[in-house]
Amino acid sequence: GESVGLHLPTLSVQEGDNSIINCAYSNSASDYFIWYKQESGKGPQFIIDIRSNMDKRQGQRVTVLLNKTVKHLSLQIAATQPGDSAVYFCAESGSGGYQKVTFGTGTKLQVIP
Amino acid sequence: DGGITQSPKYLFRKEGQNVTLSCEQNLNHDAMYWYRQDPGQGLRLIYYSQIVNDFQKGDIAEGYSVSREKKESFPLTVTSAQKNPTAFYLCASSIRFEGEKTQYFGPGTRLLVL
C-alpha cells in the first residue's frame, strides 16, 4: 500500500467498539476545525467540522468535541467498522480574512474484525 | 458527478525532467491549492490560487510552478530544480479563499523518480 500511514500513532479498536481519536492544536486564534479521513493511496475526505462557538457537534456515527481551554479536539466514532480503517487528521484555521489552514500529522485507526 | 480529479495517479520523472500534474474541479470553487504529503508529516502547502489568473507561493514553493488560466484547472509543474520530488501530491479546492473554508481534496498523484 501507500506510505501515508508510516510513522504515525496507531489506534487499534475491536469492530463494534467506539473509537476516540485526539488532536492537540497550537494556535489559540484558530476558530474553525475540520476532521479528515484518508484511506491508503487516496485523497483526504471531509468528515465533520466545528466552529469555536460550539463544543460538540454530531454527524452520522461521528461526534467532534472541542475544548478550547486546553486546545484539544477529539473525534469519536461509534460502532467502529472495518471500513473506518484509515488515517484521521485534524485541520485548524481562523475564520476572518485569509487564514492559513494547518493540518495535523494524523492517527492511524486499525479496526480488528 | 461533481468533484476534483487529478491525473495521472502515478507519474515517473527522469533526472532533469519537468513534469506536470493535472487538477480539475467542477465544483465552481474559487480557490484551489496544491499540497505535498510525505510520510509522517502533515500536508505542506506548495501554491494556492484565490481566483482565476492569480496564484501565490505557499510554504514550499521552490522547484514548483503553477498556472490558473481557467477557474476549473490548476496544474502543477514539478521542475528539475526540485531535488526531492518523490511524494504524494494533493490538489484541493474551497468555495472561497477567505473565512471558514472547508477544503475538498482530489485523489492524489504519486510522483516517483527514476
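Listed by position, the strands (runs of 3 or more DSSP E) contained in region B:1-107 that have at least 2 residues being hydroxyl-bearing (Ser, Thr, Tyr) are B:4-7, B:19-25, B:31-37, B:44-49, B:64-66, B:87-94.
Could you grab me the full set of residues in region A:16-38 that are in a loop (DSSP other than H, G, I, E, B) and touching an Asp or Glu at 6+ places or on another chain (Cβ under 9 Å)?
Residues of region A:16-38 that are in a loop (DSSP other than H, G, I, E, B), as a first pass: A:16-18, A:25-31.
If the condition is that a residue be in a loop (DSSP other than H, G, I, E, B) and touching an Asp or Glu at 6+ places or on another chain (Cβ under 9 Å), then A:Tyr25, A:Ser26, A:Asn27, A:Ser30, A:Asp31 are the ones that fit.
Does region A:7-25 contain at least one residue that is modelled with pLDDT under 85 and either touching a Leu at 6+ places or on another chain (Cβ under 6 Å) or within 11 Å of chain B (Cβ to nearest Cβ) (or both)? Scanning region A:7-25, I find at least one residue that is modelled with pLDDT under 85 and either touching a Leu at 6+ places or on another chain (Cβ under 6 Å) or within 11 Å of chain B (Cβ to nearest Cβ) (or both), so the answer is yes.
Is it fair to say B:Glu72 is surrounded by 14 or more Cβ atoms within 10 Å (Cβ to Cβ), acidic (Asp, Glu) and over 24 Å from A:Thr102 (Cα atoms)? Taking the combined requirement at face value, the residue satisfies it. Please verify whether A:Val70 is buried (at least 16 other Cβ atoms within 10 Å of the Cβ), without any contact (Cβ under 8 Å) to a residue 60 or more places away in the chain and away from chain B (no Cβ under 14 Å), treating the condition exactly as stated. Taking the combined requirement at face value, the residue does not satisfy it. Answer yes or no as to whether A:Ser26 is farther than 26 Å from B:Ser93 by Cα, exposed (fewer than 13 other Cβ atoms within 10 Å of the Cβ) and among the polar types (S, T, N, Q). So A:Ser26 does not fit the description; no. Output the residue which, of all residues in region A:39-63 that are under 19 Å from A:Ala79 (Cα atoms) and assigned to a loop (DSSP other than H, G, I, E, B), is nearest to the other protein chains (Cβ to nearest Cβ). The selected residue is A:Glu39. The one condition from (1) out of contact with any Leu (no Cβ under 9 Å at 6 or more places or on another chain); (2) modelled with pLDDT of 95 or more that A:Trp35 does not meet is (1).
Of the numbered criteria (1) exposed (fewer than 15 other Cβ atoms within 10 Å of the Cβ); (2) farther than 12 Å from B:Thr109 by Cβ, the one B:Ala92 fails is (1). Annotation: B:Arg44 fulfils all but one of (1) surrounded by 21 or more Cβ atoms within 10 Å (Cβ to Cβ); (2) without any contact (Cβ under 8 Å) to a residue 40 or more places away in the chain; (3) within 20 Å of A:Cys90 (Cα to Cα); (4) not polar (S, T, N, Q); the unmet one is (1). In the set B:Tyr64, B:Tyr33, only one residue is crowded, with 21+ Cβ neighbours inside 10 Å, hydroxyl-bearing (Ser, Thr, Tyr) and either out of contact with any strand residue (DSSP E or B) (no Cβ under 6 Å at 6 or more places or on another chain) or within 11 Å of chain A (Cβ to nearest Cβ) (or both); that residue is B:Tyr33.
The values are calculated or read from the model by the stated rules, or taken from the named source; none is laboratory data. Note that the coordinates shown come from a computational prediction; the quantities given were computed from them, not determined experimentally. Note: ideal-geometry Cβ built from the backbone for every residue, glycine included; neighbour counts use all protein chains shown.
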